[in-house]
1. What pairs can you find where one residue is in region 459-479 and in contact (Cβ under 8 Å) with a residue 60 or more places away in the chain, the other is among the aromatic types (Phe, Trp, Tyr), and their Cβ atoms are less than 6 Å apart, with a gap of 6+ or different chains?
2. Mind checking which residues of region 34-44 are open to solvent by 20 Å² or more (accessible area, probe 1.4 Å) and either among the charged types (D, E, K, R) or closer than 16 Å to PHE136 by Cβ (or both)?
3. Please list, ordered by first then second residue, the pairs with beta carbon atoms under 9 Å, 6 or more apart or interchain, first in region 392-411 and under 16 Å from LYS296 (Cα atoms), second of a type in the set (Asp, Glu) and open to solvent by 90 Å² or more (accessible area, probe 1.4 Å).
4. Mind listing just one residue for me: the one in region 45-64 that is buried (at least 17 other Cβ atoms within 10 Å of the Cβ) and among the hydrophobic types (A, V, I, L, M, F, W, C) and, of those, nearest to LYS130 (Cα to Cα)?
5. Does VAL213 satisfy being in a helix (DSSP H, G or I) and modelled with pLDDT of 95 or more?
6. Which of the residues belonging to region 283-299 are out of contact with any helix residue (DSSP H, G or I) (no Cβ under 7 Å at 6 or more places or on another chain) and either surrounded by fewer than 12 Cβ atoms within 10 Å (Cβ to Cβ) or within 15 Å of LEU422 (Cα to Cα) (or both)?
7. Give the residues of region 221-236 that are over 27 Å from SER148 (Cβ atoms) and assigned to a helix (DSSP H, G or I), sorted by residue number.
8. Can we say GLY74 is modelled with pLDDT of 90 or more, among the small types (Gly, Ala, Ser) and buried (at least 19 other Cβ atoms within 10 Å of the Cβ)?
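The values are calculated or read from the model by the stated rules, or taken from the named source; none is laboratory data. Bear in mind that the values here come from a model prediction, so they are computed numbers and not experimental data. Glycine gets a Cβ as well: all are built from the backbone with ideal geometry, and neighbour counts include every protein chain shown. What goes into the accessible areas is simple: the full protein's heavy atoms, side chains included, and nothing from ligands, DNA or RNA. Shrake-Rupley method; radii C 1.70, N 1.55, O 1.52, S 1.80 Å.
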Amino acid sequence: MKSKMFLISLFFCSLIISIPSLSDGNSLASNLSDTQEVELIYELNDQQLIWFDSHGLSVNGLSLAQLLEDLGIGLGNYLSIEQVDRTKLSKGERDRAYTRACLYLLDRVSKLSLNMNLNLELSFTQAIRKHRLSEFIEQVLPLYDEVSQLRGMIRKYKKLTHKPWPNIGQADFRLGQSSNKISTLRNLLVDLGDLSVKPELRQRASIYDPDIVLGIKSFQMRHGLEVNGQLDTQTAESLSVKPETRIVQMQLNLWRWFSLPNTLPERFVWINIPGYQLQLLDQGEKLLDMKVIVGKPLTPTPIITSSLTRFTVNPSWTPPWSIVSKELIPLDAKYPGYLNRQKFELRKYGAGSSLDLVDISSSSILNFLSEYQLVQSPGPENALGKYRFSIPNNHSIYLHDTPSKSLFTKRIRALSHGCIRLSDPKGLLDYLMQADNRAADVERAVRGTLTHYYSIVSPTPVYITYHTSWVDEFGKLQLRPDIYDLDRIPQYDE
């Protein structure tokens, strides 16, 4: 038996190389269907079933079936063409379908994982040998509370698919008004968890009362909508989204967790782009929670895994050519002297010399840009504000302060050129400076106007993610607009 398990491990080493990439447009299901590779697994496993026992699906099979269902992986895609009629399938045929689905899952997880050395296929064979498949399956997903909570919410919404889901239109209701549409609205809010109870008297269910207003506000907050307690057009459209659609959205977001480490570090910064939010967590405790501004759809903030390594106090700003040519030069032409008033100057490449813009027209600035860079000096007008935080990446993305504080009051904050603006950069700096013997020196630099650069003694991991749905610490499903249209990407199981 040991030699057979060695052959299984050896086989999976070759399988990892031979499995086709999902990006080539071919379905892994069709490539694995009735292949010699799958049969070899069973041959080396003494033709024993992996997922079924004498009673039906085993504990291992139930664990796998639930995970496949939560991720939106349909078992039907892993049956042969002649096996479409499932009522005639033998246990062996169904067992092989689950094995094909499991191989697809493991291959996809390996591709998404940050750990490029991850070899889930070999771990799969070891789990078979040790009779610990159920534990292995549960550990395929990252071990976060957020993941288990999202899986639970997917199952909750699947129960809602058994109910007819009405389309509800915009309406201007008044307190005390009664109609069947109000009763429908109340039922929707109860089903979605935004209204906890129905009135004791049945006839009051159709009356528009303060509870419904609070329920609408709860729904609006969870969906990132304007919180006005009114059944406006956006709210009505969101209420009418069928549970099936929300399940697909949650499944897409469940897959996104695979791109994070299987276990998170004790201290890290998490920035969720659609949520416009930064959180700093230390040993599970949320120490910072601030609003952020992210990239516009035309200049999106990328998904990044990095670390906070350096910060700058009183930074200068050297805008890229795209901003100089498309925004700054046109602004200076429209409002002569704009760049000078914003404390820009021309600094010569590789030298300390610079030119003041007070007597240089916008048309002349272009002539200097072959030898000079347009640079904004530190100060109140500087686009980076008082602080800049560096996170090494290939996209020239960093975190920074901003003088435009009023923008943080906006509900939709996809407004930048890609970098992330912080509503509380001082709070982040104060946390990084805890127990740092340079804290007094940094404080003096903050009070001044000269540029100072500092390394961070203990770099803090940073995860910039894209989650349009998640379950918060209160067990509430949070949904946000898909600002970059990434939820339109086809499901992995096509």
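1. Within 6 Å, the pairs are PRO461/PHE268; TYR463/TRP270; GLN478/TRP470.
2. ASP34, GLU37, GLU39, GLU43
3. Matching pairs, first to second residue: ARG411/GLU226.
4. Among those that are buried (at least 17 other Cβ atoms within 10 Å of the Cβ) and among the hydrophobic types (A, V, I, L, M, F, W, C), it is ILE50.
5. yes
6. Across region 283-299, the qualifying residues are GLN283, GLY284, GLU285, LYS286, ASP289, VAL292, VAL294, GLY295, PRO297, LEU298.
7. THR233, GLN234, THR235, ALA236
8. no
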